[in-house]
Amino acid sequence: MSACPVCGGESKGTALTGLLTCRDCGLAFAAEKHAVVAAYAPGLEREIYGSAKTKLFEAALDWLDHALPGQGRLLDVGCAGGELLRAAGARGWRGEGVELDGRLADLAAGGGAAVHRRPVEECGLEGSAYAAVTVFEVFSQMDAPVAAAAEISKLLKPGGAVYIREFNSGFHLPLLRLQSGWLFKSLGLKPAVLHDFNFTPRSLRVMLERAGFREISIRNSRPTSGDPYRSGGRLGGFSTGLLKFLYYSLAQALWLLSLGRVYAGSSLIITARK
Ligand SMILES: [Zn+2]
């Protein structure tokens, strides 16, 4: 059994997913690194990275504008084609990106921002220089998320903030069981998302605490618009979007009723300060 890369706890294997799950923090992780394979049909990138997330990017920038009224340098880790960087630039932030996919990095650089093309912990960026770091659904796909979290903490100025959106494995792992049943199969639904690292709220909190962050706050994220991954099968974009919103409302109700203990949302928003 491998030790949990986040908390060092003991892990046990799960037959359905082939992943190891930490008994202490709940992180579900691959014992061996898989080659990253895009889980969506080619040609959907623009919608997945851009238009479906426009509102989520605006919400992130609203939060950062409020938390850091002086603004300054913003680093978007996993910046894709630079959609968030362009929105940040329009509000007065000085944006820079990190993107490993060469084609996406070129797109982002075309918008005028500096784009670094190595994992963030290998970029050699200036420490204590950034007011804000954003990380949208990237920790789950990194080779070394714990090292990346530590590096992000180093890059931020004291008082700087990180804004993270990450898949919630507390939603996606149980869903994988449902997905193998007849109802989901007959509708062509494939909403579960699995990566090399599948985080729970607790494993994200432990990772950030160990990287030196404080004021860590976790909440359910609003869903992306429509059905950018085409995971809703026969339901189509509008119905899938509506279902996702209804589900989000239920998840929020559960979170309130459990006094902030149960996170059922498909993705989480995590904010923290250095
Ligand atoms: Zn753990």
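Stick to the Cα atoms of the chain, pair each with every other, and give me the Kirkwood hydrodynamic radius in Å at one decimal.
19.2 Å
Might you report the magnitude of the Cβ-based charge dipole of the chain about its Cα centre, with Lys and Arg at +1 and Asp and Glu at -1, to the nearest 20 debye?
Computed about the Cα centre, the dipole is about 660 debye.
Can you put Phe197, Phe213, Phe245 in order, fewest other beta carbons within 10 Å first?
Ascending number of Cβ neighbours within 10 Å: Phe245, Phe213, Phe197.
For a quick protection proxy, order the peptides 81-89, 65-73 by their average other-Cβ count within 10 Å, most packed first.
Sorting 81-89, 65-73 by mean packing, highest first, produces 81-89, 65-73.
Quick one: how many lysine pairs in the chain have C-alpha atoms under 15 angstrom apart, if they're 8 or more apart or on different chains?
Step by step, the pairs that qualify in the chain add up to 5.
Among Ala150, Ser258, Leu84, whose Cα lies farthest out toward the positive end of the dipole of the chain, if unit charges sit on the beta carbon of Lys, Arg (+1) and Asp, Glu (-1)?
My answer, from the dipole projection, is Ser258.
Run the quick spin-label model on Leu183 and Glu58: label points 7 Å from Cα toward the beta carbon, then report their separation in nm to one decimal.
Each label point lies 7 Å from its Cα, and together they span 3.4 nm.
For the chain, list the DSSP H helices whose alpha carbon atoms reach 24 Å or more along the long axis and whose average Kyte-Doolittle value is -1.0 or above?
Flagged H segments are 236-257.
Could you rank the peptides 154-162, 132-140 by their average count of other C-beta atoms within 10 Å per residue, with the highest value first?
132-140, 154-162
Summing Lys, Arg as +1 and Asp, Glu as -1, what charge do residues with Cβ under 12 Å from the Cβ of Trp93 carry, Trp93 excluded?
Residues close to Trp93 contribute a combined charge of +1.
A short reminder: the numbers here are calculations on the coordinates, not readings from a lab. Everything numeric here is computed off the predicted structure, so don't read it as measured data. Backbone-built Cβ (ideal geometry, glycine too); neighbour counts: all protein chains shown.
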